[in-house]
């Protein structure tokens, strides 16, 4: 792309030859000062493939879950409040057998009690089954066989994707165990986020400073200056790896919950009048500095004493 841009800027003619390309490549390498490419280790490449595969599955699951909620809102809207997690195994297994309020209302109480008890491994007793049956009998739901059939199929697809994600996560845990990276010592970063960050960064030696790593993630603020005007509030550039950028945001969000020093840092930015996402971008920058130091020194993170 850089060679193509240089060729377009250097001539108005639509000329593309190997000789011209060689000249442009030579000019570019002389002026830009490129550093040699560092091939990441095998385990890092595996982490990159696995975490991106998991992200694609996660992206596939979201529209399915939205469709699941819409169908359930038609067939049995009261069920949302019955289960603490509507996407839990007990809920999904029940819906795959009895997908509507009509089906549950017509189900024998003894059969429903046994079904709930089996699906919940004995946690749900007859009283829970009676409550569910009463909800179904007084439900405002409207029954449609087509919707019920689609809901059962949607549950199957959600469970299949969830099982695939679980398999990938087991492989990620296995690779992270063999790597024994100090990145998981940083507050807010577990195996999954750590694997994503390691896979996207590659070799930390490719970056000479935390600022270079921040730019690679696309988390740095853009710059705008014209004449005497210089913008003081500019958006994040959002170039580079979107997977790394998302992982850094999630890690910063988790660090805010689990790390006192990190929380106080974000709270200070908020006290200065900064928007939540602006404060979080500062948190991401702080996290990048920590990640760079931990990986460069290959030493665990030690939280500073207040």
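The values are calculated or read from the model by the stated rules, or taken from the named source; none is laboratory data. Since we're looking at a predicted model, the values are computed, not measured. Ideal geometry is used to build each Cβ from the backbone, glycine not excepted, and the neighbour counts take in all protein chains shown.
So that you can scan it fast, the table gives a plain yes or no per residue for (1) in contact with a helix residue (DSSP H, G or I) (Cβ under 6 Å, 6 or more places away or on another chain); (2) within 18 Å of residue 195 (Cα to Cα); (3) in a helix (DSSP H, G or I):
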position: 248; (1), (2), (3): yes, yes, yes
position: 261; (1), (2), (3): no, no, yes
position: 274; (1), (2), (3): no, no, no
position: 279; (1), (2), (3): yes, no, yes
position: 284; (1), (2), (3): yes, yes, yes
position: 288; (1), (2), (3): yes, yes, yes
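Restricted to the stretch 157-184, and to residues that are more than 20 Å from residue 55 (Cβ to Cβ) and out of contact with any helix residue (DSSP H, G or I) (no Cβ under 7 Å at 6 or more places or on another chain), which residue is surrounded by the most Cβ atoms within 10 Å (Cβ to Cβ)? Taking the candidates together, the pick is 177.
Looking at 98, 112, 132, 116, which one is over 24 Å from residue 65 (Cβ atoms) and crowded, with 20+ Cβ neighbours inside 10 Å?
Of 98, 112, 132, 116, the one residue that is over 24 Å from residue 65 (Cβ atoms) and crowded, with 20+ Cβ neighbours inside 10 Å is 112.
Test each condition in (1) part of a helix (DSSP H, G or I); (2) touching a residue at least 60 places away in the same chain (Cβ under 8 Å); (3) within 20 Å of residue 150 (Cβ to Cβ) for residue 58 and report the one that comes out false. Going through the list (1) part of a helix (DSSP H, G or I); (2) touching a residue at least 60 places away in the same chain (Cβ under 8 Å); (3) within 20 Å of residue 150 (Cβ to Cβ), residue 58 breaks only (3).
Against the conditions (1) crowded, with 18+ Cβ neighbours inside 10 Å; (2) within 15 Å of the chain's Cα centre (by Cα); (3) at pLDDT below 95, residue 248 satisfies every one except (3). For residue 212, the conditions (1) modelled with pLDDT under 90; (2) over 22 Å from residue 190 (Cβ atoms) are fulfilled apart from (1).
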